[in-house]
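**Q** The structure follows.
The values are calculated or read from the model by the stated rules, or taken from the named source; none is laboratory data. Note that the coordinates shown come from a computational prediction; the quantities given were computed from them, not determined experimentally. Cβ placement follows ideal geometry from the backbone for every residue including glycine, while neighbour counts extend to all protein chains displayed.
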Amino acid sequence: MNETLITNFVKAYAPGKELAKPDETLLEFANQMLPPEIVYLWNEYGFGDYGDGLIKVVDPRDYMDSLYSWLGGQDFHKIPIMVSAFGDIFYYRKLEEGENDVSLLDIHYRRIDVCAYSYEGFFGGYILDPEIKEKVLRKNLFDQAVEKLGSLKHNEAFFFVPALVLGGGEDIKYVKKGDAGTHQHVLLEFGK
């Protein structure tokens, strides 16, 4: 196991004060389906806000329904591990034996991108990249939204009204906040 991957992540995105630890049922599942570094992150630090809420490390059970609805069906080889402050879902994909990646479901632009062709590449490079922090996580807009609307609660996300697919813009005047899961489902319905 490479603890340095997680150490560097928590240096870049300091863990919040109110983190929750995984239960035994989840750990049993995680030990079969996820790399040890992700399980270590959960055990050592927990679920909740990182980087002042710019990103959340999530209990996958809280976002599996949203992710699988977007992907068109349940697949336990695809596991949500993080959610951006704007509700986009980062998920681990267990591919062929020994192969994996981390992908991003961008709910606002209705697309899926592979972030890194391994979880090591995700934690060791992608998520630490300042350009990713600004362009993908929308750091500047996040800071403006927190100043205008306050910090996000456990289940909340910032979103755009009107939605980007309906003509909204990535500007503070379009940003609202509310329940992340509900907004993920609403945006999915717009595409049907």
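**Q** Within region 20-36, track down each residue that is in a loop (DSSP other than H, G, I, E, B), exposed (fewer than 15 other Cβ atoms within 10 Å of the Cβ) and touching a residue at least 24 places away in the same chain (Cβ under 8 Å).
**A** 21
**Q** Out of all the residues in region 98-116, is one or more of a type in the set (S, T, N, Q) and in contact (Cβ under 8 Å) with a residue 60 or more places away in the chain?
**A** yes
**Q** Being in contact with an Asp or Glu (Cβ under 9 Å, 6 or more places away or on another chain), in contact (Cβ under 8 Å) with a residue 40 or more places away in the chain, more than 18 Å from residue 182 (Cα to Cα) and of a type outside the set (A, V, I, L, M), is that true of even one residue in region 71-92?
**A** The answer is yes, given that some residue of region 71-92 is in contact with an Asp or Glu (Cβ under 9 Å, 6 or more places away or on another chain), in contact (Cβ under 8 Å) with a residue 40 or more places away in the chain, more than 18 Å from residue 182 (Cα to Cα) and of a type outside the set (A, V, I, L, M).
**Q** Just to check your reading of the model, which residue among 71, 34, 26 is in contact with a helix residue (DSSP H, G or I) (Cβ under 9 Å, 6 or more places away or on another chain), of a type outside the set (Lys, Arg) and under 21 Å from residue 88 (Cβ atoms)?
**A** 34
**Q** Let me ask something additional. Here are some conditions: (1) acidic (Asp, Glu); (2) closer than 29 Å to residue 39 by Cβ; (3) at pLDDT below 95. Residue 131 meets all but one. Which one does it not meet?
**A** (3)
**Q** Right, something else. Restricting to region 172-192, and then to whatever is among the charged types (D, E, K, R) and without any contact (Cβ under 8 Å) to a residue 12 or more places away in the chain, can you tell me which residue is surrounded by the fewest Cβ atoms within 10 Å (Cβ to Cβ)?
**A** Here the answer is 192.
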